[in-house]
Every structure is written in structure tokens, then in C-alpha cells.
Amino acid sequence: MYINTEQLKKFLIDAGMISEKKFERLERVAEEEDKVIGDVLVSSGALTDEELRKSYAYLLGVSFIDLRDKKIDYEVLSLIPEPIARRHNIIAFNKRTEEDGSDVLEVAMLDIDDLRALNFIKKQTGMKIVPRLTNEASIKNALKQYHKSLKEDLAGIIDEDAARLSVHMDTDSSKDFHNDDRKLAEQVPAVRIVDAILQHAIVQGASDVHIESHENKLLLRYRIDGILHDVMDLPIAISSALIARIKVLAGLRLDEKRLPQDGRFKIEAAGERVSLRVSTLPTHYGEKVVMRLLKDGAGGFSLEGLGFSGDALERMHEAMRAKTGIILITGPTGSGKTTTLYSILDILNTPDVNISTIEDPIEYQLPRINQTQVNSEIGLDFAMGLRALMRQDPDIIMVGEIRDSETASLAINAALTGHLVLSTLHTNSASGAVARLTDLGVEPFLLASTLRVVIGQRLVRVLCNHDEPYNLSLDELQELEKHINMKEVLRSLKKDKIVKRNATWKSVRFYRPHSSDDCESGYSGRRSISEVLKVSASIKDLILAGSDEDMIERQARDEGMFTMLEDGIKKAAAGITSIEEVLRVISE
């Protein structure tokens with residue numbers, strides 16, 4: 001948000017809020033530390049955050065709103081999904097109808113110049129949006145209301161409706177309960193409970209919902225930012241109705257409780273369209289259900305937003321500018337490989353190219369891209385799909401995953417015959433991709449000819465706040481030096497202006513997660529840590545010579561590649577995550 005420094009200075013001095021001498025001194029501090037003058041005014045104690053925000057509001061000609069003690073109607077609050085509200089610091093707090101019949105939504109913001117957020121909300125709600133300036137304390141109070149309101153709503157619905165569900169508990173597998181289960185699934189209480197669970201999960205930013213059958217209860221759990229959290233215990237009496245309702249939505253057989261089943265369905269909640277992949281599994285006390293939540297559309301992704309930067313980002317863009325070759329993304333399940341692939345496709349998706357994909361599953365629908373879903377039941381696997389794509393006159397091909405030698409061979413052949421191929425591979429590091437492909441039967445000379453860049457990545461949780469800064473001890477620095485190139489990481493931190501030019505490792509600050517009312521774990525959201533291995537002439541020579549992954553990694557590091565650990569330490573020094581989180585993810 002742009003505020004003219006001279007105007008701010010004049011206003012504060014005229015209002016008697018600060019002396020000219022003190023303002024000019026703090027202005028020099030802001031210049032030396034490359035900070036915004038407003039941040040320095042608050043951190044120095046010259047102004048409170050509220051005083052600064054009210055001054056901004058006056059200069060910008062907008063109203064200031066204080067939400068610290070305001071209970072916001074949940075129907076109004078939820079017009080902006082919590083992830084959007086948290087990411088853009090924007091809260092819907094009042095809805096009104098004007099004399100001409102048009103609806104107006106008043107929103108509180110920290111940055112009223114965030115046109116992207118305002119346009120998104122206008123498009124989603126179809127209302128006229130009126131921005132008001134607020135402070136961080138107001139935003140935090142409002143964000144807490146998302147969690148409290150929905151959890152209370154969910155608990156209230158379950159308490160009210162559980163007793164009304166007629167449940168048949170009969171373990172005689174010879175009896176057909178198909179009709180009874182369908183009646184249970186269609187009852188209003190079952191519908192309301194499932195809807196509340198899914199809405200709660202979406203607003204909390206869950207990627208997976210687990211409903212687990214135990215002896216005396218159903219356990220509801222959400223996976224948020226890669227970590228499973230217990231949400232609440234549900235009455236065991238609602239088990240049959242709850243699972244039957246989910247099966248009906250996913251198109252699964254109600255009478256099949258002894259075998260695993262897979263299905264999918266779509267819903268719209270919290271202003272977002274979400275696809276759900278459903279998996280059921282028989283367990284000792286009944287069926288377990290896991291639902292994977294996939295938000296429709298890949299809009300809003302960018303490589304920078306995912307965590308790529310500097311030389312690593314430039315290497316990726318260089319590979320994307322090529323017309324042929326293979327770009328590989330490696331990492332375990334849940335490391336964000338597919339999201340990175342979609343972000344690359346989004347950049348490459350221009351009117352002059354034909355892009356085709358073969359995926360399992362299609363997680364996001366992208367405009368102008370021809371996406372095909374793997375279907376093993378009819379024999380449509382990655383290899384068969386890739387052979388078909390080659391006859392579709394593609395310029396760019398995306399293969400969801402290279403799982404076997406046939407798919408690997410076809411991908412190499414596609415790259416050799418004038419196509420740019422994007423795919424993923426399950427390896428622990430970028431350098432491990434060469435050995436993995438060799439194990440799948442790909443000849444080293446073909447790999448050297450086609451491989452452009454290999455991206456290894458993991459996802460780390462992002463710190464909510466920086467309340468607990470600390471410096472590493474001498475022992476910790478010595479231990480760290482065994483695993484990373486301390487000199488190069490510090491040089492990169494200085495180059496990116498994350499630390500001062502005269503900083504040493506002893507003065508670099510790191511941060512520990514700090515629990516708060518609106519951020520229980522101390523983390524919210526995830527960002528990638530990565531290593532980007534460019535297949536240079538010297539790396540090609542090592543591949544041809546059959547070198548192991550350690551030799552390839554050493555050469556790549558000599559040529560300037562940061563390992564995932566080094567990239568993670570850099571992000572920890574930037575205050576994005578913590579060293580503990582980086583080490584947790586790397587060790588996994």
C-alpha cells in the first residue's frame with residue numbers, strides 16, 4: 001500500500017504525534033535497513049499500529065474500522081473463504097442493501113491497494129465491495145471467528161441430529177441393508193452432518209478428511225499443512241448413516257462393506273468448487289473413509305509463490321524455453337510435485353502450442369489444455385495414454401508420473417522426437433532421478449540427450465508470526481557446517497537482502513513456532529524447499545560414465561546448485577519457516 005512519506009511526515013508532525021527530528025531519525029533508520037517507514041515507526045514505539053493505520057486511513061480518504069471486539073455474523077464472514085482472508089488480510093464484516101436494491105459488502109483490509117483480492121471477492125459475491133482500513137489486531141480477532149464459528153456449528157449440528165438418526169447395528173453380513181442404508185443417507189440429519197464436516201474442512205484448508213471407526217466412537221481428523229489433526233469424536237451411532245451418505249455422494253455401492261471402494265464427487269462450499277476423491281476401507285470396527293479435497297482450477301499458482309527463487313528459478317525458466325527435452329520433478333507423495341507441474345504448464349500455456357496431459361487423477365482443470373484421466377479398469381494406463389498423445393500433434397506433453405519402464409521409454413522417445421515432456425518421479429533427491437531412470441531401463445546416453453532439469457522438492461510449513469527469534473549457538477553452527485555450504489548460503493542471503501551486508505552467521509536470526517489463539521500450531525500454509533539440478537555438459541559426462549548420485553550431486557553443487565537443506569536454511573533465515581520444520585521434512 002503506497003503512502004507518500006512526505007505527506008505522512010507532515011500529517012504526523014501537524015497532529016503532534018511525533019517531532020520532526022524524531023521522524024527524520026527514524027526515516028534514516030528505515031533507509032539503512034531497507035524497511036518501510038511505517039514499520040519502523042511502530043517497531044520503535046513512536047506510534048502504535050492503530051495510530052499508524054488511522055493516519056493511513058485519513059491520508060487515503062477511507063474509513064478506519066476496529067474489529068477487535070466485534071462479533072461478525074458468520075454468514076457475512078464466510079463470504080470470503082478463510083484461506084483468502086488469511087492470505088490477503090481481508091475480512092468481510094458487514095453486508096447491506098442500498099436504496100437501488102444493490103448489495104454492498106464492506107471489507108476490512110490491511111492493504112486497500114490489493115486489487116487482486118478485491119476483484120476476486122467482487123467476482124465471487126457479485127456485490128459492490130467497499131474497502132475499509134483496519135489493523136492487525138482486528139484481522140487476528142476476525143480470523144479466530146472462522147474456526148470458532150464453524151466448530152461450534154459442526155458440534156451443534158451433530159448434537160442436534162445424532163439422536164434423530166435411526167441406525168441399524170447388525171453384524172449379520174448375509175442380510176441386505178441396501179435399502180435401509182439409502183434411507184439413512186437421504187435423511188436430513190445425515191445430509192447436514194456431512195455438509196458441515198466438509199464445509200469445516202474446506203474453510204480450515206484441509207487436504208484430507210479422515211473418518212475412522214473405533215470401538216465406541218468415530219474419530220474425525222483433518223490433514224492441514226501436511227499434518228494430521230484430531231478434530232472431534234463423533235457418536236458411533238451415526239456411523240452407518242454418515243458413511244452411507246458419503247457413499248451415495250461418491251456413487252459407491254452401499255451394500256459392499258467388505259472390500260475397499262473408490263469414488264469421487266464435487267461440491268461448492270465457502271465460495272470454492274472442490275472435487276473430492278473418496279476411498280473406503282474395511283477395518284476391525286467398521287469402514288474407514290478418507291476424502292482427498294482438490295480445489296478446482298489452478299489459478300493463483302506461480303513458481304515464485306510456491307517458493308522458487310533466484311538461480312533455481314532461472315534454471316527452470318531456461319528449461320521451459322526449450323522446445324524439446326524432459327523436465328522432471330521428484331519427491332515423495334505429498335511433496336507438491338503436481339502443483340509445481342501445473343504451475344509450469346500454466347506458464348507454458350500459450351495460444352501457439354498444443355498441450356496434452358495424461359494424469360491420475362486430474363487434480364485441476366486448466367483451460368486450453370487437453371487432459372486425460374488414467375483408467376486402469378479399461379487398460380488406459382500412463383503408457384497407453386502416452387502412446388495415444390503422441391498421435392495428437394502435441395508440442396508439450398505432461399505425464400503425471402513415470403512408474404514403469406514402458407512409460408519411461410515412451411517419455412524419452414517423445415523428448416527425442418521434438419516434444420517438451422514434463423513428468424514426476426518418486427526419488428528422494430534431484431540427483432537420484434538419474435539412477436532411478438537407469439533402473440527402469442533407460443540407457444544413459446538417452447538420458448544425457450534428453451534430460452534438461454531435475455527439480456527435487458519438499459513442503460515445509462510457514463510460520464504464522466515471528467514472536468520467538470533466536471541466534472544459533474556455536475555448536476549448532478558447527479553442526480550445520482557439516483551439511484551445508486555456509487559461505488554460499490550467507491552470500492545468497494546478502495544478495496537477496498534478507499540479511500544486512502555485514503551480517504555473519506552469529507548475527508543471523510532464526511524463529512521458532514509460537515502458538516497463538518488464531519494459529520494453534522504456530523504454522524499456517526506451506527511453501528516448497530527445492531533443489532534444481534541443471535543437466536550441464538559436465539553432468540551429461542557423469543551420466544554417460546555411469547556415475548552414482550553422490551558424484552552427480554557434488555558436481556551440481558560445484559556448479560551452484562543449492563540442496564533442499566540449504567534452500568530450507570535460507571528460508572528459515574528469511575523467517576518463512578523454522579529450522580526444526582526444515583529438518584523434520586528433510587529427515588522424512
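The values are calculated or read from the model by the stated rules, or taken from the named source; none is laboratory data. Everything numeric in this text was worked out from a predicted model, so none of it was measured. For neighbour counting, all protein chains shown are included, and Cβ atoms are generated from backbone atoms with ideal geometry for every residue, glycine included. Accessible surface is based on the protein model in full, side chains and every heavy atom, while ligands, DNA and RNA are left aside. Shrake-Rupley method; radii C 1.70, N 1.55, O 1.52, S 1.80 Å.
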Looking at the structure I just gave you, is ASP395 closer than 26 Å to ALA448 by Cα, surrounded by fewer than 17 Cβ atoms within 10 Å (Cβ to Cβ), among the acidic types (Asp, Glu) and touching a strand residue (DSSP E or B) at 6+ places or on another chain (Cβ under 9 Å)? yes
Positions within segment 57-79 being small (Gly, Ala, Ser) and buried (at least 16 other Cβ atoms within 10 Å of the Cβ), in sequence order: ALA57, SER78
Of all the residues that make up segment 335-365, how many are touching a helix residue (DSSP H, G or I) at 6+ places or on another chain (Cβ under 6 Å) and assigned to a loop (DSSP other than H, G, I, E, B)? 2
Which pairs do you get when a residue that is open to solvent by 20 Å² or more (accessible area, probe 1.4 Å), found in segment 93-120, comes within reach of a residue that is assigned to a helix (DSSP H, G or I) and at pLDDT 85 or above, reach meaning Cβ atoms under 6 angstrom, with the pair 6+ apart or on two chains? LYS95/VAL76; ASP114/HIS88
GLU401 versus (1) assigned to a helix (DSSP H, G or I); (2) surrounded by 13 or more Cβ atoms within 10 Å (Cβ to Cβ): which is the lone unmet condition? (1)
If I ask for residues that are in contact with a Gly (Cβ under 9 Å, 6 or more places away or on another chain) and among the polar types (S, T, N, Q), which ones from segment 543-583 would you list? THR563, THR577, SER578
Which one of these is out of contact with any Pro (no Cβ under 9 Å at 6 or more places or on another chain), under 24 Å from VAL462 (Cα atoms) and free of Cβ contacts under 8 Å to residues at least 60 places away in the same chain: ASP39, ASP73, ASP34, ASP49? ASP39
Please enumerate the residues belonging to segment 387-401 that are closer than 24 Å to HIS426 by Cα and touching a residue at least 60 places away in the same chain (Cβ under 8 Å). GLY400
Just name the residue that is farthest from PRO351 (Cα to Cα) out of those in segment 362-372 that are open to solvent by less than 60 Å² (accessible area, probe 1.4 Å) and at pLDDT 90 or above. THR372
When segment 373-392 is checked residue by residue, the ones that are buried (at least 16 other Cβ atoms within 10 Å of the Cβ) and either under 25 Å from PRO332 (Cβ atoms) or within 24 Å of the chain's Cα centre (by Cα) (or both) are VAL374, ASP381, PHE382, ALA383, GLY385, LEU386
In the set ASP114, ASP100, the lone residue that is in contact with a helix residue (DSSP H, G or I) (Cβ under 9 Å, 6 or more places away or on another chain) and not hydrophobic (A, V, I, L, M, F, W, C) is ASP114
Looking at ARG512, ARG501, ARG452 in this structure, which one is open to solvent by 20 Å² or more (accessible area, probe 1.4 Å), in contact with a strand residue (DSSP E or B) (Cβ under 8 Å, 6 or more places away or on another chain) and modelled with pLDDT under 95? ARG512
Condition (residue is in a loop (DSSP other than H, G, I, E, B), modelled with pLDDT of 75 or more and either under 20 Å from ASN89 (Cα atoms) or polar (S, T, N, Q) (or both)) applied to segment 215-225: is it met by at least one residue? yes
For segment 522-550 the number of residues that are in contact with a Cys (Cβ under 8 Å, 6 or more places away or on another chain) and either farther than 19 Å from GLY226 by Cα or exposed (fewer than 15 other Cβ atoms within 10 Å of the Cβ) (or both) is 0
Report yes if ALA322 is assigned to a helix (DSSP H, G or I), among the small types (Gly, Ala, Ser), more than 21 Å from GLN204 (Cβ to Cβ) and open to solvent by 10 Å² or more (accessible area, probe 1.4 Å), otherwise no. no
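Considering only segment 1-82, give the helices (runs of 4 or more DSSP H) lying wholly within it that have at least 2 residues that are farther than 30 Å from ALA142 by Cβ.
Working: elements: 5-14, 20-32, 37-43, 49-60, 74-77.
Because the criterion is at least 2 residues that are farther than 30 Å from ALA142 by Cβ, the helices (runs of 4 or more DSSP H) in segment 1-82 that meet it are 5-14, 20-32.
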Residue under question is LYS54, and the condition is that it be touching a strand residue (DSSP E or B) at 6+ places or on another chain (Cβ under 8 Å) and open to solvent by 60 Å² or more (accessible area, probe 1.4 Å); does it hold? yes
